[in-house]
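Scroll down for the structure; my scribbles are underneath it.
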Amino acid sequence: MNFSSVRIITADMQRIVQFYEQITGMQVTKYTDDFAELRTPSATLAIGSIRTLALFGGSEVANAADNRSAIIEFRVDNVDDTYHHLAELLGDNVVQKPTTMPWGNRSLLFRDPDGNLVNFFTPISAEALDRSGAK
């Protein structure tokens, strides 16, 4: 089995797609007006409109802009440089400026336009670098 993707559900596809393109510098592939993907070498962030919920059993299976338990994480080359580059765009949505975590990552935590938590991180300790496969 391989972990493939995480999907977020949104009521505003255009706003979320544009946001993820801006923060990652990557192109989001829009397959339909209701489904898009941001593909990275290791995993995919899928983005679905609330209309796609009908295909999964109805609108009650998920709520857009209501996540309070998951964090969408991206490994970046230098989280401090990334923060300085994105600070104006992120504005008041920054939850935590770059901080070194006890497990050896340096992390920037912020919210996307729907309120989902996003973590940009850079492994900095020898152990974190070893876990990430980066050396």
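We did not get these values from a lab; they are worked out from the coordinates using the rules stated. Please read these numbers as outputs of a predicted model, since none were measured by experiment. Because the Cβ atoms are built from the backbone with ideal geometry, glycine has one as well, and the counts that use them run over all protein chains shown.
Restricting to DSSP H runs of at least four residues, report the calculated mean residue ellipticity at 222 nm for the chain, -39500 (n - 2.57) per run over all residues, nearest 500 deg cm²/dmol.
Values: 3 runs with 31 residues, N = 135.
Calculated mean residue ellipticity at 222 nm is -7000 deg cm²/dmol.
Legend: ranking of residues 59, 107 from fewest to most surrounding C-beta atoms inside 10 Å; resulting order 59, 107.
What percent do you get for the relative contact order of segment 67-135 when only Cα pairs under 8 Å and 6+ apart count? Walk me through the numbers on the way to the answer.
Numbers: 108 pairs, mean separation 24.1, N = 69.
Taking the mean separation of contacting Cα pairs over the length of segment 67-135, I get 35 percent.
Packing, taken as the mean count of other beta carbons within 10 Å per residue, orders the peptides 51-58, 109-116 from highest to lowest as 109-116, 51-58.
Please work out how much length the chain gains when fully extended from residue 26 to residue 131, using 0.36 nm per residue of separation minus the C-alpha to C-alpha distance, in nm with one decimal. Don't skip to the end; give the middle numbers.
Numbers: separation 105, 0.36 × 105 = 37.80 nm, distance 2.48 nm.
So the extension gain works out to 35.3 nm.
Going from the residue with the fewest nearby Cβ atoms within 10 Å to the one with the most, 35, 120 rank 35, 120. About the centre of its Cα atoms, segment 31-81 shows a dipole size close to 200 debye [charges on the beta carbon of Lys, Arg (+1) and Asp, Glu (-1) only; nearest 20 debye]. If R0 is taken as 22 Å, the Cβ-Cβ distance between residue 43 and residue 81 corresponds to a FRET efficiency of 0.45. Taking 7 Å steps out from each Cα toward its Cβ at residue 92 and residue 68 produces label points 2.1 nm apart.
Would you mind working out the magnitude of the charge dipole of the chain relative to its Cα centre, with +1 at each Lys and Arg C-beta and -1 at each Asp and Glu C-beta, to the nearest 20 Debye? List each step's numbers first, then the result.
Numbers: 12 positive and 17 negative charges, 54 e Å.
Around 260 debye, computed over the chain.
Placing a label point 7 Å from the Cα of residue 15 along the Cα-to-Cβ line, the residues of segment 84-119 whose backbone N sits under 19 Å from it are 88-95, 110-118.
Considering only DSSP beta bridges whose two residues both sit in the chain, what percent are antiparallel, to the nearest 5? Each step should come with its number before you reach the end.
Numbers: 19 of 30 bridges.
Expressed as a percentage, antiparallel bridges in the chain total about 65.
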